[in-house]
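Just below is one structure, and these are the notes that go with it.
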Amino acid sequence: MGKPDARTTANPATQTTKDAAPVNVEPGPLEAQLCEKSSSPTPQEPFTIFSSAEKRWIGSVASFGAMFSTLSSYIYFPALEPMARELGVSVSLINLTVTSYMVVAGIAPAFMGDIADQGGRRPAYIIMFALAVGSNIGLALQTSYPALFVLRMIQSAGISGSYGAAYGVLADITTISERGSFVGIMLVFMNSAPSFGPVIAGALAQQLGWRWIFWFLVILTGSYFVILLLGLPETQRKVVGNGSIQTRGIYRSLFDYLTKDRKSGINPRDAGVKRKHHIPNPFKCIQMLFSKGNIAVIMAGSVTYTVKMTLQTSLAPTCIAVYGLDYLQAGLIYLPSGVGGAIGSYYTGKLLDKALKRRTSELGTDWTYRRGDDISEFPIEKARFEGLYTLVILSAVSTVGYGVSLMTRAHITVPLVMQFISGGATSGIFTMCGTLLTDLNPSASATVQASYNIVRCLMAGAAIGIQQPLTDAAGLGWGFGFFGLVMLTAAPMGLLLKKYGMGWRQVRT
């Protein structure tokens, strides 16, 4: 017999509430007040009022928004040379705008994530896409390098936080048992962007000029802005609970009229929801890095992201130099990695849900996680990281193979096949890491993604900085051989999580 759970024996009143309505997060002030208002709490109260079709719609809108985080970065690559020529600067200076974009992308989500977790998802989305639309218009019209440099940073400040905000929305509406599939679908959108973004950019740059790349983004982000204003409901559980609390002002969308028959009638003010302007605190995401479980997941994902970015940033310029490609062809060669990434994300998400179902069935607790129960006594790390080592090895081997194929000037299909394998493997790891981070931090999912973003962007920026000097000095084969060895360091992080993760969570609680 195991010893009694200290959390349940210490407070009988808490035990009664927990038994009545199990959830996958610790009850916040809003949930506690709602329970107090109910004279007889019922176990049947749903985790969310949204139907399966409505959750798919909300998840798709949030996921499509997350796509702009990668699209705005990758769509830029094929136009670097024509932009440098028209603005009268070197390609090295244009590359600095890539670096500045990544630096801001590492910092801005710390602000946006805190707004999304504390002030609501809709306010964060509105701020982000207002900045995105405005900066894209400016980028399409600017005629000087300083303007390009500044506007790229503003573009990054607006759009980079959409990645973390989407995780927040998925944490609000999904239980642990279904979350893997939703995260996998979200990453399908994100990993498709590196495929079609450069292709579109290459075609636009070659046929209409590089400015049409940004006009294309204006049309796309502007259309999405309208969709989120009208069709994305507020899902933040601190604001609307399980979706049943009435919304007002900026939190209200046309979508709310579809669910008005399921609203509880509780006034937001009576439920304790305060409509105060929230001053974002970027240091909250720094605090989350001191959790052993968080930092282990973040390091595994950041190493993977670092290696992936070295492959992606080298692809167009290296293949142009080795194989003599034009702008359109330089865009087309991103397709294999993006297609592989989309496939890897989708099927990894499905496998995560199956792995969790299998482990919960073994423990006899499968039914609880369909409502989203407390996971403090469940080895969630083992369920989420099944197959991690295989993906790490595939990624490392394909990274080395990519460098060797370029060094030996093999047929262009060889490095593209290596990109396909690497894209699928790395995207599978991203799906595992993103889902597990959300499981570990359900009430601060956007903030913890901002923590993840800071680490991965700093590591990727450093790797991209040394990539060219390294490959020039050691050769493409040895240079990417080094990055293949770096990729293998993600495996020990998974081993630590599987062995100590649950203990770390119990100590933290």
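The values are calculated or read from the model by the stated rules, or taken from the named source; none is laboratory data. Source: prediction; values computed, not measured. Using ideal geometry, Cβ is built from the backbone for each residue, glycine included, and neighbour counts are taken over all protein chains shown. We work out accessible area using only protein heavy atoms, side chains counted, and drop any ligands, DNA or RNA first. Shrake-Rupley method; radii C 1.70, N 1.55, O 1.52, S 1.80 Å.
Roughly speaking, what % of Cα-Cα pairs in the chain are separated by over 33 Å, rounded to a whole number? Mind showing how you got there, number by number?
Values: 49700 of 129286 pairs.
Across the chain, Cα pairs with separations above 33 Å total 38 percent.
Around VAL297, what is the net charge, scoring Lys/Arg as +1 and Asp/Glu as -1 over all other residues with Cβ under 11 Å from its Cβ?
On the way: positive: LYS292, ARG384; negative: GLU381, ASP439.
Taking every other residue near VAL297 into account, the sum is 0.
Of the peptides 138-145, 216-223, how do they stack up when ordered by the mean number of other Cβ atoms within 10 Å, highest first?
Taking the mean over residues of other Cβ atoms within 10 Å, the ranking is 216-223, 138-145.
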For this session: Express in whole angstrom the spacing between the alpha-carbon centres of region 384-427 and region 428-459.
Result: 23
Seminar exercise, completed: For the table LYS260/LYS354; LYS238/LYS284; LYS357/LYS382; LYS357/LYS499; LYS55/LYS350, the rows whose alpha-carbon distance is greater than 24 Å are LYS260/LYS354
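Taking only C-alpha pairs under 8 Å that are 6+ residues apart, what is the relative contact order of the chain in percent? Provide the component values of the computation, followed by the final result.
Numbers: 883 pairs, mean separation 122.1, N = 509.
Computed value for the chain: 24 percent relative contact order.
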Exercise. Dividing the Cα convex hull volume of region 168-226 by residue count, how many Å³ per residue is that?
Worked result: 83
Problem set entry | Equivalent-ellipsoid semi-axes of region 425-481, from the Cα gyration tensor, Å, largest first | 32, 13, 5
Problem set entry | Length released on extending from ALA321 to ARG252, taking residue separation times 0.36 nm less the Cα-Cα span | 19.6 nm
Problem set entry | Summed residue charge, Cβ within 12 Å of MET128's Cβ, Lys/Arg positive, Asp/Glu negative | +2
Exercise. Between rounded, prolate and oblate, where does region 343-487 land on the alpha carbon gyration tensor, with a ≥ b ≥ c its root eigenvalues, rounded for a/c under 1.5, else prolate if a/b exceeds b/c?
Worked result: prolate
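Give the Kirkwood hydrodynamic radius (Å, one decimal) of region 121-249, defined as one over the mean of 1/r across all pairs of different Cα atoms. Present the calculation step by step, with values, prior to reporting the outcome.
Details: mean 1/r = 0.0608 Å⁻¹.
Mean inverse Cα-Cα distance, inverted, gives 16.4 Å.
So, by mean Cβ neighbours within 10 angstrom, what's the order for 82-92, 169-179 with the highest one leading? Let's see the in-between values first.
On the way: 82-92: 14.3, 169-179: 25.3.
Order by mean packing, descending: 169-179, 82-92.
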Seminar exercise, completed: The orientation-averaged projected area of the Cα convex hull of region 458-502, in nm², is 3.7
Seminar exercise, completed: For region 162-256, dividing by residue count, accessible area per residue (probe 1.4 Å) in Å² works out to 29
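Leaving ligands, DNA and RNA out of it, report the carbon-plus-sulfur percent of the accessible area of the chain at a 1.4 Å probe.
Details: 13850 of 20710 Å².
The C+S portion of the solvent-accessible surface of the chain is 67 percent.
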Seminar exercise, completed: Of the candidates ALA116, LEU325, ALA193, the farthest towards the positive dipole end of the chain (Lys/Arg Cβ +1, Asp/Glu Cβ -1, centred on the Cα centre) is ALA116
Seminar exercise, completed: If every Lys and Arg gets +1 and every Asp and Glu gets -1 at its Cβ, then about the Cα centre the chain yields a dipole, in debye to the nearest 20, of 580
Seminar exercise, completed: The relative contact order of region 114-259, taking Cα pairs under 8 Å that sit 6 or more residues apart, comes to a percentage of 33
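When all alpha-carbon pairs of region 305-369 are counted, what percent fall beyond 13 Å?
Numbers: 1505 of 2080 pairs.
Percent of Cα pairs beyond 13 Å in region 305-369: 72.
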Problem set entry | Rounded to the nearest 10 Å², the accessible area of TYR305 at probe 1.4 Å | 40
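So what's the convex hull volume per residue for the Cα atoms of region 56-119, in Å³?
Cα-based convex hull of region 56-119, divided per residue, equals 99 Å³.
Full extension from GLU362 to LYS292: what is 0.36 nm times the residue separation minus their Cα-Cα distance, to one decimal in nm? Please list the in-between numbers first.
Working: separation 70, 0.36 × 70 = 25.20 nm, distance 2.69 nm.
Between GLU362 and LYS292, full extension yields 22.5 nm more.
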Problem set entry | Residue-normalised accessible area of region 69-137, expressed per residue, 1.4 Å probe, Å² | 30
Exercise. How much length, in nm to one decimal, is gained on full extension between VAL414 and VAL91, taken as 0.36 nm per residue of separation minus their Cα-Cα distance?
Worked result: 113.5 nm
For this session: As a check on your grasp of the helix formula, calculate [θ] at 222 nm for the chain: sum -39500 (n - 2.57) over DSSP H runs of n ≥ 4, divide by the residue count, round to the nearest 500.
Result: -24500 deg cm²/dmol
